[in-house]
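Here, each number is a calculation from the coordinates, and none is a lab measurement. No experiment lies behind these values; they were computed from the predicted model shown. Positions of Cβ are backbone-derived with ideal geometry, glycine not excepted, and every protein chain shown enters the neighbour counts.
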Amino acid sequence: MPAGTCDPVSRGDAFNTMEQAAGRFGEVLITVRYGWDGVSVKPECDGPLVNGTGVVANRWAVRAVNTGQVTYYAHTTARNGQPKTWILSPGQTATATAVQASSNGFSTRGDFDNLVLTTEP
C-alpha cells in the first residue's frame, strides 16, 4: 500500500484483503475482501466488504478454508453485539458474498476486528 492511503484503486487493485490464519501449519485461513471508507488511514484501514470479480467461484467477500484434520471455530461479535460462532469442519471451504455477510451483521472490514480462531467451541 502506498504510504498514508488505504485506497486499493491507488494501487490498481479492486479491493484490499485481510487474512487470518490458524493452526500449526496455517491450515485454516479466513480471507476478507474490502474497499476503502474514504477516510481511514494506515494502519487502521477500513471499508465496506466487496465481492471478487470474474468467475462465479471468485465472487465472494468472505472465505473460510480449513485444509486440516481438526474442526475449528471462528468466534466474533456482530455489529449488534451478538456473539457469533461458525464451525469450520476439516476440508471445508465456505464463502459469503457482501450481501450475505451483511445479513449476518458484518458489512465492513472493521466488523472482523475481534475474530478469533480456536479448536474449542
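Worth pointing out:
- Output for segment 55-87, where each listed residue is of a type in the set (A, V, I, L, M) and more than 22 Å from Y34 (Cα to Cα): V70, I87
- Members of segment 95-114 that are assigned to a strand (DSSP E or B) and of a type in the set (A, V, I, L, M): A96
- Unmet requirement for F112, which otherwise passes all of (1) in contact (Cβ under 8 Å) with a residue 60 or more places away in the chain; (2) within 28 Å of P8 (Cβ to Cβ); (3) surrounded by fewer than 18 Cβ atoms within 10 Å (Cβ to Cβ): (3)
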